[in-house]
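Inspection log for the structure reproduced underneath, given as structure tokens.
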Amino acid sequence: MHALLLAAGYGTRLGAMGRKTPKVLLAVPGLQRPLADVLLDEVTAIAGMREVWMVTNRRFVTKLEGWMEEARLRSPVPLHLLCNGTEGPEERLGAVGDLAFALERMDVPGELLVAATDTILPFPLSRFVQEGVRRPQAHVLIPVLEEAPERLHRRGVVVLGEGDEITEFHEKPTDPPSTTTALPLYLFRPSALTEVFRYLQEGGEPDELGKLAEWLVPRVRVEGWRASGKRLDLGDPSHWEGETDSGF
């Protein structure tokens, strides 16, 4: 298994703080550690993890290179940083675009764990991967969580069928068909990774992984894993009141 951490966003919702420091290097409220450290510990604890890749942009590449130089000293697996070459929000490739950019440069012979870098998830990543091992029939596995109705319009909303197969996926719907939402973590099997390029070739929107998932649902078997707890969205400015960045 390989892991890809998507860290090429520009933190536009965070204002001046997001322009100075990538979200993944901001100290997580209450932990006093950057999210990059938390994610790295989680990902490298997964049995069978071979390599960890991160994709970023030109604005933040120097800061992330500095973090990764230190992180390599304690990581049990190789770490790689990719720069997508963009310099501002108007040039961004989007999450799906960054995934395709990375896939063209990575050698992924098996499964790929893809994680956003602006969310603290309410479970260990290793637990999610273990569930994936028990579901070889799933081409894509996504953790799902019950969400308050007032937040549904900002989430990917899913409908689960027999065997927790996702039968519907709606990214940021105006009329949500359920209260079950997808978390920004994906376990892709090789059969699904090949579809990423087809999605983009057919004109799929590159910004949201949820749009890719929505397109994949009728084409391959996408399953949901029912999680519990609360997510922490670090792209939400309200979580950072009184917080300072990590110093990177």
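The values are calculated or read from the model by the stated rules, or taken from the named source; none is laboratory data. Computed from a predicted model, the values in this text were never measured in an experiment. Cβ atoms come from the backbone with ideal geometry, glycine included; neighbour counts cover every protein chain shown.
Figures for the structure shown
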item: Only one of Ala8, Ala3, Ala36 that is farther than 25 Å from Glu131 by Cβ, in the same structural domain as Leu112 (by TED's automatic domain parsing) and touching a residue at least 40 places away in the same chain (Cβ under 8 Å); result: Ala8
item: Number of the exception - Pro122 against (1) more than 27 Å from Thr44 (Cβ to Cβ); (2) outside any helix (DSSP H, G or I); result: (1)
item: Residue that is more than 19 Å from Ala3 (Cα to Cα), in contact (Cβ under 8 Å) with a residue 40 or more places away in the chain and either among the hydrophobic types (A, V, I, L, M, F, W, C) or out of contact with any Cys (no Cβ under 9 Å at 6 or more places or on another chain) (or both), where the choices are Val157, Val144, Val140, Val129; result: Val144
item: Residues satisfying the stated conditions in segment 200-214, i.e. assigned to a helix (DSSP H, G or I) and surrounded by fewer than 20 Cβ atoms within 10 Å (Cβ to Cβ); result: Leu200, Gln201
item: Unique residue being polar (S, T, N, Q) and either under 23 Å from Arg231 (Cβ atoms) or touching a Pro at 6+ places or on another chain (Cβ under 7 Å) (or both) when the list is Thr194, Thr174; result: Thr174
item: Restricting segment 99-119 to residues that are closer than 16 Å to Pro22 by Cα and either modelled with pLDDT of 95 or more or part of a loop (DSSP other than H, G, I, E, B) (or both), the residue that is nearest to the chain's Cα centre (by Cα); result: Ala115
item: Lone unmet requirement of (1) in a helix (DSSP H, G or I); (2) under 22 Å from Phe101 (Cα atoms) for Asp41; result: (2)
item: Selection count, segment 136-178, where residues are loosely packed, with under 15 Cβ neighbours inside 10 Å and in a loop (DSSP other than H, G, I, E, B); result: 8
item: Tally, over segment 23-37, of residues that are more than 15 Å from Arg72 (Cβ to Cβ) and buried (at least 16 other Cβ atoms within 10 Å of the Cβ); result: 8
item: Single unsatisfied condition, Met68 versus (1) in a loop (DSSP other than H, G, I, E, B); (2) over 15 Å from the mean Cα position of the chain (by Cα); result: (1)
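Every residue, every condition in (1) more than 19 Å from the chain's Cα centre (by Cα); (2) not small (Gly, Ala, Ser), yes or no:
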| site | (1), (2) |
| --- | --- |
| Val55 | no, yes |
| Glu87 | yes, yes |
| Glu90 | yes, yes |
| Gly94 | no, no |
